[in-house]
């Protein structure tokens, strides 16, 4: 197999002028002549900055479920996450919290704490019994704060921190009466704390490289845990962090293999793909009910779930080749989806594994209702949005926004005109050189999916005319959705993009150009593992780069208008 | 009378003056002129809000043909004619790009709101509603309330890059957030401070104790993020502090009833309904001092409004609809632009419907309505339509049309901030930078 040369920097910097260059097929170089062996040893890594990452909604929920129990209520609302260069995971280290978020975190904290310390369940969660409920039992309160503080802050509490929350418990008990009321408020304090809501990297001097720093064991455990399980470190990982084992290759490997063998990996893969596939877009996806009566709220939720199930079962349960996600006939269906797909579904409530029929136009996740509907308008399909999303999601290419000052007068509305197709309408863009560059990137991909309407339903004709479903990607021509899936399957940029996205998601930041050899190395590992995603995760989790940090000059400019002045707290 | 009970005294004076008024602040009295005055000399609070509609306008249907007070009301502004005297129409003010790439529907909108045009959504300065909110100070339950009527959970209210305040999209959720748990009915028969609220407040103080130590460990950009977190915690503490004080009685106020569940999406019929309900709830929330700052996104800047059973949205129409040769503009797009002004009237109606002092809530509000572009088809950021509506407690002058003649749009943002008490002499960067107040607006 040809070794794929990673060429990401070029694409990430690609601007408007690059549209035509990309259309011409420049992008991922496929060095097929002399197959060089992938670098097996990890190259030197420059190390990234210490980051402070906010828990995502799914991480918050998973963490609460793991630290307490899955049925503990989280009643606050979550604001829609910020997305940066295609990933929410990257934006978690940049975006800040709105007043709304903090208000809602407090709502959740109160619902959680009330459940944990309430009469019904306190025996399950409180590790000790107070001598008397009416008297403050400092030892028991301290034990409670230490136990949950460690899990929530992902490290042991400093004495000062511990004392602060014990003091909260005491004060609350005095005011409200009852030992458990005290614990309730101590827990609210910990859940409202930035130490819980934000994963803050902590560094220490690196004994093996004097003058340099490394992540401390707790920070390593946290990074590893959220990457491989999308949740907080479990007790065993915290133990390994405390013992220093994570700084040794053996100790780290043991933990990585343990976590990769656990069912939690499926959760992490699901969370990663939810982010990569931009499924937060379902939050404000509306379809016209008159035009698409089959597309209901229930069907939309199931469409999202269908694709995630397919991804997880293919990549994790069946240990499948990532590229086959674009060609597989295997899928999952529910009753509401059966209506949209016109497929019989035996299971009354819930899910069953299914296959798209051999003669169906569908194969691979690109023909799932989720992807088709998400990148369409409320009342019609959009080859441009579909093509753009494919470039951005699966090929890591940034398709520029349309120029602001385009003269649209040549593009006349004919959506519902008899005999009109999207191809005919979009052809008008191609006569305009300002539009043509980017539309040549997006439309040849999107037009191959035109036999699916704006809700993802199958249609043989548009406005009474059969459609030309031919398309092209990087110079390779193909026909229809199956051809499109195969073209993505065969495109070397597809696995390279996954490597880049998964690495960026794991480290939670943009990558710097000195890190590109690392991506090339990881791509080599992915390729030699025949594109098994858990193997890619393993390679990342065991790489030095994943943990490497260096001190950064403190140069980020401060905002010019101060929001809150230092020392104004009362 | 040896002991003055604040509440009885208040009641007596209000009755004596025979003026129906709202009393959103503690210790409010009326002066002899019927102007709302607090015992501390404080007036009825002034509120500030923005109202955004997407995809601009049809100039020949919107821009008055003459300047000053005696203009003929353009056809699309006809719905707002009842508010002619309380409205200033500002046309021909430009967002100056200085070579910054014009990201369609983003650059103009954020340029207008921050004074700094940006090629993406990474704002380089807070939006003016945040600056004004900071200058107005706290003392309300919510720092600001963001609303969106078309199901898009987005706002264009930024404290800093990456932290827009999310919008409430459902009237019911809005109701629960404002009038649900934690709401104190100003006319409740009795008041007892809730000890749990006291404890909650002390918990937040304990959380905030970490601030100084934590800040030292962070780099500049993370320090800024942490600062925003602690600012939000502080806001929450102040909200709890308010809950520990008896709310001032408020005449003409009954706690609104929870709205029925509605369909939230981009169908303009649903949007008009949701918008009207949310406007009503917001007006009530302003009246009883739950917030003084708000941002309503009637339609997003890439407007997803559509008519039922149509395959086009307002936004796609602006690009794809042919110009009607008889009319000289895009007929369907124009319909949505016209409907947006009907919605604006609905919103103003809600404010004007609440009595306050010797006037209405509208008299004590400065509403800044604007779009993201002028002619959506070309994403033009020159001449973005803007209106200043309401009296702002006497701090602005209205009742005219002013043509900007390609002046910087930051002149308007600067003037609004100055009217609302922000100490600022110049605003904006590059060609946007201005120290020229729109004098016509100055009261």
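Since every read-out is calculated from the coordinates, none of them should be taken as a lab result. All values derive from a computational prediction rather than experimental measurement. All Cβ positions, even for glycine, are placed from backbone atoms using ideal geometry, and neighbour counts span all protein chains on display.
Taking neighbour Cβ counts within 10 Å as the exposure measure, how do B:44, B:273 sort from fewest upward? All intermediate terms of the calculation are to be shown ahead of the outcome.
Details: B:44 24, B:273 19.
Arranged by neighbour count, lowest to highest, B:44, B:273 become B:273, B:44.
For a Förster distance of 25 Å, can you work out the FRET efficiency between the beta-carbons of residue A:123 and residue A:75, rounded to the nearest 0.05?
With a Förster radius of 25 Å, E is 0.65.
Taking 7 Å along the Cα-to-C-beta vector as the label spot, tell me the residue A:40-residue A:466 distance in nanometres, rounded to one decimal.
5.4 nm
Given labels modelled 7 Å from the Cα in the Cβ direction, how far is it in nm from residue A:424 to residue A:329?
3.5 nm
What is the packing order of peptides A:141-152, A:115-126, taking the mean over residues of other C-beta atoms within 10 Å and listing the highest first?
Highest-to-lowest ranking by the protection proxy: A:141-152, A:115-126.
Order these by the 10 Å Cβ neighbour count, fewest first: B:237, B:382.
Ascending number of Cβ neighbours within 10 Å: B:382, B:237.
Evaluate the Debye formula for chain A with equal point scatterers sitting on the alpha carbons, no solvent, and hand back log10 of I(q)/I(0) at q = 0.09 Å⁻¹, in q order, two decimals.
-0.78
Using alpha-carbon pairs under 8 Å, 6+ residues apart, how would you state the relative contact order of chain B in percent? Show your work: numbers first, answer last.
On the way: 905 pairs, mean separation 136.8, N = 443.
Rounded, it is 31 percent for chain B.
Pairs of Cα atoms under 8 Å, at least six residues apart: use those to get the relative contact order of region B:186-248, whole percent.
Rounded, it is 66 percent for region B:186-248.
How large are Rg and Dmax for chain B when calculated on the C-alpha trace, in angstrom?
So, for chain B, Rg and Dmax equal 22.2, 80 Å respectively.
Helix A:99-117: angle to the longest alpha-carbon principal axis of chain A, degrees 0 to 90, nearest 10?
60 degrees
Between region A:101-177 and region B:164-191, how far is it from one alpha carbon centroid to the other, in angstrom?
29 Å
From the P(r) of region B:128-242, could you give the percentage of C-alpha pairs in the tail past 18 Å?
Pairs farther apart than 18 Å: 63 percent.
With axes computed from alpha carbons, what is the tilt in degrees of helix A:383-394 against the longest principal axis of chain A, rounded to the nearest 10 within 0 to 90?
50 degrees
Quick check for you: which residues of region A:297-320 have the amide N under 13 Å from the point 7 Å beyond the Cα of residue A:535 toward its beta carbon?
Only A:319-320 fall inside the zone, counting backbone N under 13 Å.
Using only alpha carbon positions, build the gyration tensor of the protein assembly as shown, then give the equivalent ellipsoid semi-axes as the square roots of 5 times its eigenvalues, largest first, whole angstrom. Please list the in-between numbers first.
On the way: eigenvalues 414, 332, 133 Å².
They are 46, 41, 26 Å, listed largest first.
Take the alpha carbon atoms of region B:67-112, find their center, do the same for region B:114-149, and report the distance between the two centers in whole angstrom.
19 Å
For a paramagnetic label modelled at 7 Å from the Cα of residue A:301 toward its Cβ, which residues of region A:357-372 fall within the zone defined by backbone nitrogen distances under 12 Å?
It comes to no residues whatsoever.
Only bridges with both residues in the protein assembly as shown count here: give the DSSP antiparallel percent, nearest 5. It would help to have the intermediate numbers written out before the result.
Numbers: 42 of 65 bridges.
So the antiparallel bridges in the protein assembly as shown amount to around 65 percent.
Before rounding to the nearest 500, sum -39500 (n - 2.57) across all DSSP H runs of length at least 4 in the protein assembly as shown and divide by the residue total; then give [θ] at 222 nm in deg cm²/dmol.
Working: 36 runs with 407 residues, N = 1013.
Taken over the protein assembly as shown, the calculation gives -12500 deg cm²/dmol.
Rounded to the nearest 0.05, what FRET efficiency do residue B:424 and residue B:213 give with R0 = 25 Å and r taken as the Cβ-Cβ distance? Could you check?
Computed FRET efficiency for residue B:424 and residue B:213 comes out at 0.15.
Per q in 0.15 Å⁻¹, report the Debye log10 I(q)/I(0) for region B:65-165, using one uniform scatterer on each alpha carbon and no solvent.
The calculated log intensity ratios at q = 0.15 Å⁻¹ are -0.86.
Angle between the Cα long axis of helix B:195-208 and the longest principal axis of chain B, 0 to 90 degrees, nearest 10?
For B:195-208 against chain B, the angle is about 60 degrees.
If you find the alpha carbon centre of region B:420-438 and of region A:455-479, how far apart are they in angstrom?
Between the Cα centre of region B:420-438 and that of region A:455-479, the gap is 53 Å.
Can you put B:344, A:435 in order of Cβ neighbours within 10 angstrom, beginning with the fewest?
On the way: B:344 25, A:435 22.
Ordered by Cβ neighbours within 10 Å, fewest first: A:435, B:344.
Looking at the calculated P(r) for region B:186-248, what percent of the C-alpha pair distances fall above 17 Å?
Result: 50 percent of Cα pairs exceed 17 Å.
Relative contact order for chain A: what is it in percent, counting Cα pairs under 8 Å that are at least 6 residues apart?
Worked out over chain A, it gives 20 percent.
Please work out the FRET efficiency for the pair residue B:443 and residue A:552, using the Cβ-Cβ distance as r and a Förster radius of 56 Å; give the result to the nearest 0.05. Don't jump to the answer; show the numbers that get you there.
On the way: r = 50 Å, r/R0 = 0.89.
Between residue B:443 and residue A:552 the formula returns 0.65.
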